[in-house]
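Worksheet: one structure, shown below.
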4 protein chains.
Amino acid sequence: MIVEFSVVPIGRGEALAGLVARVLDLVDKSGLPYQLTAMGTIVEGEWEEVLGLIRRCHETMRGQASRVDTHITIDDRAKTDDRIKGKVREVEDALGRELKK
Amino acid sequence: MIVEFSVVPIGRGEALAGLVARVLDLVDKSGLPYQLTAMGTIVEGEWEEVLGLIRRCHETMRGQASRVDTHITIDDRAKTDDRIKGKVREVEDALGRELKK
Amino acid sequence: MIVEFSVVPIGRGEALAGLVARVLDLVDKSGLPYQLTAMGTIVEGEWEEVLGLIRRCHETMRGQASRVDTHITIDDRAKTDDRIKGKVREVEDALGRELKK
Amino acid sequence: MIVEFSVVPIGRGEALAGLVARVLDLVDKSGLPYQLTAMGTIVEGEWEEVLGLIRRCHETMRGQASRVDTHITIDDRAKTDDRIKGKVREVEDALGRELKK
């Protein structure tokens, strides 16, 4: 399955890049395929490994902030791998041209 | 922590109340405090029990549909219990009157 | 259509009930059917009136905080009115008993 | 402000790339900076132009499906432009190395 998530500390000021970097380090070291975007992180894997990673990210952030909002969107389809790039490719194929990504 | 989630089967038609009812039955039997709304289910508990419940809901739905989108929003605050009603009460206290709920 | 939204100021501390109350006052005065939950506000209406209301809520919050995250979920179905309670009723009918709400 | 959105038709089967392509064509022709990801589309602009675009996408999809779920996340910060790439760069700078994107 493919999962997008974001982990937002509330009440720690508005410049969050430093805190977000600590969380991204966990993602990078997880070994799972991922993509960082301006609005969140997209990860691909099974429930156990993906949700286990998100839990570590969430708890690391909670260690830094007394309130944390975490958003998770799961797209789970009976299907193969390489969906992070594959889904974008399917849309481009249907449209007949490349899009910004 | 307090968590809102929705589990949406894609490609099973648009009248989803029957499928959603099977999922809600799992929530109801979990013993966790919850509230059903028109847009999702709000549950209160620790990570393990809440995310374990959402996993069972997600997998039950995936047994019925080959594609499932699940949305999860976690509000985790160093704080006490009874947040499902407590958060609404705080807003009403700040506003000085009752709101529709 | 039926819409859930939340407007979260980032970097204004974690006790947000006072700021949220100012926003809820706008909702309450809009005249649209709504429900306040622990995780957001559910409103029913047409695109113009609902998104116009959310814009006023978002901009009021931005007047109080230099960074605001707003989440909007729209469920738009060729259908009748009274969906805030109707959707919950459908699930209960399918399940054959009442649920917590 | 920077906005991620997804427009999901319910009940039209699970292979949605063709329908999504029609929507992406609207985004591509809007002239706004955007990025297509596996989980949604990220757009940058003012409220009027971004929400106007999302409305056209939503209504185009509703012309093809009798039920549509649209998710919108707005990150609005008193700040400059080029946030789609800028936010990712800030996280990488804080981490001291490049990440997958």
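At-a-glance table
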{"read-out": "Other copies of D:Glu49: label-to-label distances in nm, shortest first, labels 7 Å along the beta-carbon direction", "value": "3.1, 4.1, 5.0"}
{"read-out": "Span-like helix ranges in chain C, DSSP H, alpha carbon extent 20 angstrom or more, Kyte mean at least -1.0", "value": "C:47-62"}
{"read-out": "Value of [θ]222 nm, deg cm²/dmol, for chain A, DSSP H segments ≥ 4, -39500 (n - 2.57) each, nearest 500", "value": "-14000 deg cm²/dmol"}
{"read-out": "Shielding by partners, peptide D:47-56 (average Cβ within 10 angstrom, other chains)", "value": "2"}
{"read-out": "Net charge of neighbours whose Cβ lies under 12 Å from the Cβ of B:Asp25, counting Lys and Arg as +1 and Asp and Glu as -1", "value": "+2"}
{"read-out": "Over segment B:2-95: Kirkwood hydrodynamic radius from C-alpha pairwise inverse distances, Å", "value": "14.1"}
{"read-out": "7 Å along Cα→Cβ, label-point gaps from B:Arg22 to other copies, nm, shortest first", "value": "3.0, 4.3, 4.8"}
{"read-out": "Mean-position separation - Cα centroids, segment D:30-101 and segment C:32-101, in angstrom", "value": "22"}
{"read-out": "Label 7 Å beyond Cα on the Cβ vector: D:Arg97 copy-to-copy distances, nm", "value": "3.9, 5.4, 5.8"}
{"read-out": "Nearest-to-axis residue of chain D, judged by beta-carbon position, where the axis maps D onto C, in Å", "value": "D:Ile72, 2"}
{"read-out": "log10 of Debye I(q)/I(0), alpha-carbon scatterers only, for the protein assembly as shown at 0.07 Å⁻¹", "value": "-0.29"}
{"read-out": "FRET E, pair C:Arg56, D:Glu59, Förster distance 25 Å, beta-carbon r, rounded to 0.05", "value": "0.70"}
{"read-out": "Net charge dipole size for the protein assembly as shown [Lys, Arg +1 and Asp, Glu -1 on Cβ; Debye, nearest 20]", "value": "0"}
{"read-out": "Most mobile listed residue (C:Thr73, C:Thr60, C:Thr41) in chain C, GNM with C-alpha springs under 10 Å", "value": "C:Thr73"}
{"read-out": "Cβ-based net charge around A:Val7, under 13 Å, with every Lys or Arg adding one and every Asp or Glu removing one", "value": "-1"}
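The numbers here are math on the coordinates, done by the rules we state, and not lab data. As the structure is a prediction and not an experimental result, all values here were calculated from the model. FYI the Cβ positions are ideal-geometry reconstructions off the backbone, even for glycines, and counts take in every protein chain you see.
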